[in-house]
1. So, restricting to helices (runs of 4 or more DSSP H) that lie completely within the stretch B:116-208, which ones have at least 3 residues that are farther than 14 Å from B:SER106 by Cβ, in the same structural domain as B:ILE100 (by TED's automatic domain parsing) and out of contact with any helix residue (DSSP H, G or I) (no Cβ under 6 Å at 6 or more places or on another chain)?
2. Looking only at the stretch A:245-278, which residues are free of Cβ contacts under 8 Å to residues at least 40 places away in the same chain, of a type in the set (A, V, I, L, M) and crowded, with 18+ Cβ neighbours inside 10 Å?
3. Hey, which of the helices (runs of 4 or more DSSP H) in the stretch B:474-535, taking only ones fully inside, have at least 3 residues that are buried (at least 16 other Cβ atoms within 10 Å of the Cβ)?
4. Looking for something more than 27 Å from B:GLU450 (Cα to Cα), of a type in the set (S, T, N, Q) and either crowded, with 22+ Cβ neighbours inside 10 Å or within 14 Å of another protein chain (Cβ to nearest Cβ) (or both) - is there at least one such residue anywhere in the stretch B:396-417?
5. Working only within the stretch A:37-73, note down all residues that are among the β-branched types (Val, Ile, Thr) and surrounded by 10 or more Cβ atoms within 10 Å (Cβ to Cβ).
6. Within 13 Å of chain A (Cβ to nearest Cβ) and small (Gly, Ala, Ser): is that true of B:ALA440 in this structure?
7. Would the stretch B:89-99 turn up any residue that is among the acidic types (Asp, Glu) and in a helix (DSSP H, G or I)?
Amino acid sequence: MANFLTSGGFVVGYYAALIAASCIAAYYNNRKAFMLLFSLTLVSFVLGIVGGVPALRGVTIFAGLLALAAGTSYAFKEFLIQISSPGIAKELRTAPLTASFGMFIIFTYAIAGIFAPWIAPHGEAQVISDAFAPADENMLLGADQLGRDIFSRMVFGARNSVGLALLATLLAFFMGAFAGLMAAVKGGWFDQIMGRVADIIMSVPSLIFALLMLSIFGTNLAVIVVVVAVIYSPRVFRLTRAVAGNVVVMDYIEAAKLRGEGDWYLIRKEILPNSTAPLIAEFGLEFCFVFLLVAGLSFLGLGIQPPTADWGSMVRENATLISFGDMTPLIPAAAIALLTVSVNFVVDWMLFRSSGLKEM
Amino acid sequence: MNKFTDKDILLEIRDLKIDGYSHAEETWIPIIKGVNLTLHRGEVMGLIGESGAGKSTIGAAAMGYARDGTRISDGSIEFDGMELTTASESDRRALRGSRIAYVAQSAAASFNPAHKIIDQHTEAPVHYRIQKRLEAQEDAMQLYERLRLPNPQEIGFRYPHQVSGGQLQRAMTAMAMACRPDLIIFDEPTTALDVTTQIEVLAAIRDIVDQFNTAAIYITHDLAVVAQMADTIKVLLKGEEVEEAPTEMMLDNPQEEYTKSLWAVRSFKRPQKARPKDGTLPVISVQNVDAAYTGGVKVLDDVSFDIYPGMTVAVVGESGSGKSTTARVITGLLPPSKGQVLFKGDPLPARYQDRTRDQLRQAQMIYQMADTALNPKVRINEIIGRPAQFYSGLKGQALKQRVDELLDLIELDPVKFYNRYPPELSGGQKQRIGIARALAAEPEFIICDEVTSALDQLVAEGILKLLDRLQQELGLAYMFITHDLATVRSIADEVVVMQHGKVVEQGPKDEMFTPPHHPYTDLLLSSVPEMDPNWLTTLLEERGVDNVGEAADV
C-alpha cells in the first residue's frame, strides 16, 4: 500500500511537473521548448501504460542525467572562459554545450591518465581478491578474471590506451602533413609518387594490414605506434595536400616564389598558417579512428600486451561475463565510446568554425 | 519633375535602416542609415557610390531580402502596395524571380555549371506555373534573339562554361526577364567584362528594359556606365544618400562636394615622358617571345617591346590577349618557347628558379587582387620586412626602420599599421601594402597587373598618384597591364596594344591616342564609356546595331 502511494505520488508529480513546465514554456512563447515538453507528456501517457512506473522513472533519470551533463558542460565552459585569455575566451563563447561537454570529458580522461598512479587505489597488475569478485567497499567495480581491481585498471587504461593512440595519431600527422605539404609545393613527379604510395596504403584494409604487420614484426609498443601511424598517414596526406593545394595557387605564394624563397619557408610561413584549422579538426577525427583501431587490436590480442591495462583487452578478458548478464565488460567499452563521442563533439564545433558556416 | 507620375510608383523605400553584424565587436552596427528611394514603373535608377556605400545592400533590400549578417532594423519597403518588411518569408519568396529579378555581377559564378543555360532559364516560369516548359523554352529563344546572342535557337542548350563571359551575362539578363518581372536589380553586371564586351551587354540591357517597360535598379561604381543606363541617379556614401537627380541634371550640375569629387576622378593626368636619347639600354627588353602553356596553343606570338628606365609602358588588350602571360614570361614563371628577355642588355635565364637573387630582386610584381596577394595570416611588418631581410640582410632595428620608412613612403602610418593583419585593412590600403612589398626589394622595374581594376575610382586615383610619385622619386620603370584606357590616358608614356597574343600596335601615348589607329585600337578606344548620356546611342548608330562588340571582328 505504501509502495503504491509513493509510486502513485511519483506518477502524479511526474505529469504535474511536465504539464506545468509546458505551460510555462507556452506562456513565455518558447515554441521549441513547449513542443518538446508537451510531446514528452503525450509520449509519457503511452509509456506509462505500456511500461508502468519503472519506465517513467527511467525517463526521469535519463532527463536528470541529461540536465546534469548540460549543467556540468555549461559550468565548465564558463570556467574555461574565465581562466583563458580574451582571444580564446571569445572563441569559447561560440562553443555549443555539446562541445564543452566533450572538452569536459577529455579533460577528465586527461586527469585520470596523467595522475593514474595516485588516483588508482590499487596497482595495475595487482591481484587483490578472487576472480570475478563482485563490487565491495574495497573495489568500486569489482574484480576481473584474475582478481584485479577493475576500477584501477580502468584508470591505468586511460593512460595506456589514450596515450598510445595519441602518440600514433601525432606520428601519423607529422608524416602525413609533411608529405602533403611537400607534395603541394613541389608538385610534379614528387606529388605523383607520394599520391600513389598513399593510394596503395589506403587500398589495403587497415585492420588486416595492421594484423599482418604486427605478426611479422612482433607486438611491442613501438611497432604498434609506427604501424598504426603508417596506416592513417595517407588520410592526413590527402587532406593536407588538398588544403595546401588551394593555398599554393594564391598570389602571395607566387610572390614568395619569385622572391626566391625556399620550400621550407613557403611551408612554414606561408602555407601552414593558412591550413591549420582543417588540420586540427582532422586531428580530432583521426584520433578517434586510431583509438578504435588500437582498441580493436588489443581486443584481438595483438595490441598492448597483458598485464598492462588497456580498455580494448579488458573487454576481451571479461567477455565471458556477458553470458551471465553481467555489465562489467561493457564498462571499458563505454569508456571508449564516451571518449570517441566527446572528441567528435569538439571536432564538430571546430569543423563548423573552420568551414565558415557561421549562423547569425 | 520628370516623365514619371506619382501614380506609377512601383517601389517605395522610406527611411530604410539596415544593420550589419560585426564579428570583431560582437554587436550590430548600422550600415544603411535611413535611405529613401522611389522608383516608378519603367524607370531605371542608377545607384552609385564606393564599395561599402551600401549599394548592393539596398539592392537586396528592394527584394525584401537581408543578406547574411545583416538585418533590416527600421523603415518600410513597399513594392506595388505590398509591405515587404512585414510580409511573410513565403510571400516574399513568391515575388522573387516572378516579379522582382536579380542580375549578379559575375554570371559565371551565378549559373550552376552542372545544368544547361535554358534549363536554368525555364526554372522560374515553370515553378510559378506561368508557362509550360516548352513554351518557356520558346520564349527563352526569343529573348536570346532580342538580346542579340549568336544562334538563339541553340545557345541555350549549352552549359555555362561553353559560352563567353559577355554572352553569359546577357543570358542571365534574359533569365531575369523570363517571368517579365516589374523590377530587375542589376548588381554591377558589366564590371567584370572587357570594354568591348561591356558595350554589347549594356546595349542589350537597355533595349530589353525599354521594350518591356521594366523598372530597374542599376548598381555600379562606374559613372560613365550609369550615365548610359539610368533615368535618375542616386549617389550614396557610407550608407547615406548624398543626392538624387535626373541623369542629365546630375551630370551637368552636381550639387554636393562628394559628387563633384567623383565626377572629377578621371581628371588626373601626368606629363608624358619620352625615351632617353643618350643610348641608355632599356631596363627590360622583350624580344620576339613566343610562349604556350603545356601542350596548348601559342598564347604569345612574336611579342617584342622595350621598357626604358623611369618610364611607364601600358600594355592594353581584352582578357585573353596575352597581357598577363607576357608578365609571366618576364618574371620567369612561364619560360618562353622562343625569344628572350633582356635586363639592361643581359639576357635573363628563362626560368625564375635559375635566376640569381639579384636578378629576381630587379623585377617585382604588384597584383590585381590585393586579397590574394597578401597572406592573411602574416603581419604587415613581416610582409614588407621579409623582402628587405631576404635581399639586403637587414635585421633588428635596421629592419624595423626600413619597414617604417616604406610605410611612410606609401602614406600609411607606421604606428597604426605595423602590427596589423591584411584582413583588417581596406582594399586601397592592402594595395598600398602590395606596393610597399615590391618597393622593399629596391627594384628598378615593377610589373603592375591591373592594380586599380578592383578598386573604387577615388581609391584607384590615390594609388595611381602614389605610383607616379614613387616613379619620380625612385626612378622606377613600370609595365602597366590594364584594360582600362582611362588609366592608360592618365599615367602611361608608351602604349602596347595586344590582341590574340600579338602586339598589334605600339608607340608613345600621344601618337596612340590620335588617329589614324589600327582598327583594333580604334575599337578599344571607342568602346570606353564616356560621361555623355547619349554616347551609347551615338556609338550604336555609328557601328550599326548588329555590329557591336565581338560581332565587330577586325
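1. Numbers: elements: B:117-127, B:133-146, B:165-177.
Qualifying helices (runs of 4 or more DSSP H): B:117-127, B:133-146.
2. A:MET250, A:ILE253, A:ALA255, A:ALA256, A:LEU258
3. On the way: elements: B:485-491, B:509-512, B:519-527.
Where helices (runs of 4 or more DSSP H) fall fully within the stretch B:474-535 and carry at least 3 residues being buried (at least 16 other Cβ atoms within 10 Å of the Cβ), they are B:485-491, B:519-527.
4. no
5. Keep residues of the stretch A:37-73 that are among the β-branched types (Val, Ile, Thr), which gives A:41, A:43, A:46, A:49-50, A:53, A:59-61, A:72.
Result: A:THR41, A:VAL43, A:VAL46, A:VAL53, A:VAL59, A:THR60, A:ILE61, A:THR72.
6. yes
7. Within the stretch B:89-99, the first condition is being among the acidic types (Asp, Glu), and the residues that meet it are B:89, B:91.
So of that shortlist, the ones also in a helix (DSSP H, G or I) come out as B:89, B:91.
Yes, the stretch B:89-99 has at least one match.
For every residue, the table says whether it meets (1) free of Cβ contacts under 8 Å to residues at least 40 places away in the same chain; (2) under 19 Å from the mean Cα position of the chain (by Cα); (3) crowded, with 19+ Cβ neighbours inside 10 Å.
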position	(1), (2), (3)
B:ALA203	no, yes, yes
B:THR232	no, no, yes
B:GLU243	yes, no, no
B:GLU257	yes, no, no
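The values are calculated or read from the model by the stated rules, or taken from the named source; none is laboratory data. Since the structure is predicted, the reported quantities are computational estimates derived from the model, not experimental observations. Here the Cβ is made from the backbone with ideal geometry for all residues, glycine too, and neighbour counts use every protein chain on show.
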